[in-house]
Amino acid sequence: LVVAFLVAYHQNKQLIGEKGLLPCKLYLQNVKRYFKGKINLDALSYAPTIIWFLDWSDMDTTLDYLSLFGLATSAFVLITGCANMVLMAVLWVLYLSLVNVGQIWYSFGWESQLLETGFLGIFLCPLWTLSRLPQHCPPSNIVIWGFRWLIFRIMLGAGLIKIRGDRCWRELTCMDYHYETQPVPNPIAYFMHRSPWWFHQFETLVNHFIELVVPFFLFLGRRMCIIHGLLQILFQVLLIISGNLSFLNWLTIVPSIACFDDISLGFLFSSRPGGVKERLARMQLKEAAKEKLPLGCYIRKVVNISFGLLIAYLSIPVVLNLLSSRQVMNTSFTPLRIVNTYGAFGSITKERTEVILQGTSSLDPNDPTAIWEEYDFKCKPGDLKRRPCFITPYHYRLDWLMWFAAFQTYEQNEWIIHLAGKLLAQEEEALSLMATNPFAGKTPPRWIRGEHFKYKFSQPRGKHASEGKWWIRKRIGPYFPPVNLRGLKKFYEDRNWPYPVRD
């Protein structure tokens, strides 16, 4: 959550703020208009967010406050190791509020997974006290199994979507392409891509074993459950090393911890007098002596049972989806995203294509002598000599969406034309999303265009690598034609987007 709120604070204004690529104020106004201009139960159910009840006159400030409050609260929990149901519920509501106005920028599966994990975390904690160890009511087995049920669905869903999806998963060839074509490769992926074919086949087999077989270890007793937890954590660590999948793999480690019991985790805690182990022993003695529990514990048991029934009920469409031959991945069946369906890389792109934004100060964009200069993004491939980045668990949302845009059309991603207009106007908010501005301190660009390229890793120790190039590329053609500010005016007006004004 710390990373998620940090990403939100750094990027929300540019993506969904007043001058954002997809302003959330406009999105909420459209939702309100759809429901006859009222903020009623239907509107709240469609987009559950506390922003409905906050000030819209300065959306940037509102988004900043939500992000900073969430960042401070989650940092407190992380540093102190103390939390209660109230704090966890606040964090869940804050992030739910951002996700439900984030539109495509928050459309990734790990957003729902973070919300489901956070919702489970509410019931893991004591109601009021900030003690690391509740005095009377230990975490319920219902909640522990809620986490185990989560990791089971995450892994099995990912495995089934692969087997039912791209044939390369069945032919054991997907890893021949994955390292090169994943959304944001890192330097290790550059070398892993050149592994021999038999090693890639072995990787694919291991992936199927971890995602399709190991999840059932959860139901085969204590020892197999612990083995499940160890294998899943090791698997996530390998994924963290080999790619920049945001905070997804870090987050997936969390429910895996629920596979371990107190005995297996005991070495992590001090045995000194007054420590956690001693206090736990006292609680167990009281439980064995069947001392009368306070009323709150009985209320908590009722709450836990109700929680378990809720999870079971919301799991029905998720289980049906897992059993379906038309399985969908990363889908929420309720707007609160309490129980979701997951999956990853159901299909693998065999070639990597990139959209490269270029600008020119030339009066005529069709002039063959016009000099086109490229904008580099924070992390996605662009400059052939730039080393692939290593940013996990941080997440550059725009870079990820550029990956999707590259195998779609600009008509399917109108925000990319919005971005082009902002770059033409030299807007600071948009430029902050970029790694470089080739027109800094120079005449602003008069035209921006999108060019489509096919990218491949260079061969280690080969000709291109000796020139310092991590990538080689070949032009496919234009992605979108040259545009200027004047020509974009009607495009902006039709979508009620604020028209960028050049400083």
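The values are calculated or read from the model by the stated rules, or taken from the named source; none is laboratory data. Because the structure is predicted, anything quoted here is derived from the model rather than measured. Cβ sites come from the backbone with ideal geometry, for glycine too, and all protein chains shown count toward neighbours. Please note that ligands, DNA and RNA were not included when accessible areas were found on the heavy atoms of the full protein model with its side chains. Shrake-Rupley method; radii C 1.70, N 1.55, O 1.52, S 1.80 Å.
In this structure, does Ile233 turn out to be β-branched (Val, Ile, Thr), open to solvent by 60 Å² or more (accessible area, probe 1.4 Å) and in a helix (DSSP H, G or I)? It is false that Ile233 is β-branched (Val, Ile, Thr), open to solvent by 60 Å² or more (accessible area, probe 1.4 Å) and in a helix (DSSP H, G or I). Within segment 312-360, if we keep just the residues that are aromatic (Phe, Trp, Tyr) and touching a helix residue (DSSP H, G or I) at 6+ places or on another chain (Cβ under 6 Å), the residue that is most open to solvent (accessible area, probe 1.4 Å) turns out to be Phe333. Of the residues Lys442, Lys490, Lys456, Lys474, the single one that is surrounded by fewer than 15 Cβ atoms within 10 Å (Cβ to Cβ) and within 25 Å of Pro187 (Cβ to Cβ) is Lys474. On the given criteria, is Ala370 surrounded by 15 or more Cβ atoms within 10 Å (Cβ to Cβ) and in a helix (DSSP H, G or I)? Taking the combined requirement at face value, the residue does not satisfy it. State whether the residues of segment 138-148 include one that is among the charged types (D, E, K, R), over 22 Å from Ala8 (Cβ atoms) and assigned by the TED database to the domain that holds Leu245. There is at least one residue in segment 138-148 that is among the charged types (D, E, K, R), over 22 Å from Ala8 (Cβ atoms) and assigned by the TED database to the domain that holds Leu245. Scanning segment 236-256 for residues that are open to solvent by 40 Å² or more (accessible area, probe 1.4 Å) and under 19 Å from Asn340 (Cα atoms) yields Trp250, Val254.
Evaluated against (1) aromatic (Phe, Trp, Tyr); (2) touching a strand residue (DSSP E or B) at 6+ places or on another chain (Cβ under 7 Å); (3) on the phi > 0 side of the Ramachandran plot, Trp372 falls short on exactly one condition, (3).
Among the residues of segment 207-229, those that are touching a residue at least 24 places away in the same chain (Cβ under 8 Å) and of a type in the set (A, V, I, L, M) comprise Ile210, Leu212, Val214, Leu218, Ile226. Residues in segment 15-47 that are among the acidic types (Asp, Glu) and more than 24 Å from Leu433 (Cβ to Cβ): Asp42 only. I'd like to check something: does segment 48-62 contain any residue that is in contact with a Ser or Thr (Cβ under 8 Å, 6 or more places away or on another chain), under 19 Å from Pro500 (Cα atoms) and either part of a helix (DSSP H, G or I) or open to solvent by 70 Å² or more (accessible area, probe 1.4 Å) (or both)? No: zero hits. The residue list Leu78, Leu98 contains one member that is open to solvent by 50 Å² or more (accessible area, probe 1.4 Å), in the same structural domain as Leu26 (by the TED database) and in a helix (DSSP H, G or I), which is Leu78. Scanning segment 182-221 for residues that are aliphatic (A, V, I, L, M) and in a helix (DSSP H, G or I) gives Ile188, Ala189, Met192, Leu205, Val206, Ile210, Leu212, Val213, Val214, Leu218. The helices (runs of 4 or more DSSP H) found entirely in segment 390-503 that carry 1 or more residues being touching a strand residue (DSSP E or B) at 6+ places or on another chain (Cβ under 9 Å) are 397-406, 415-424, 463-466, 485-494.
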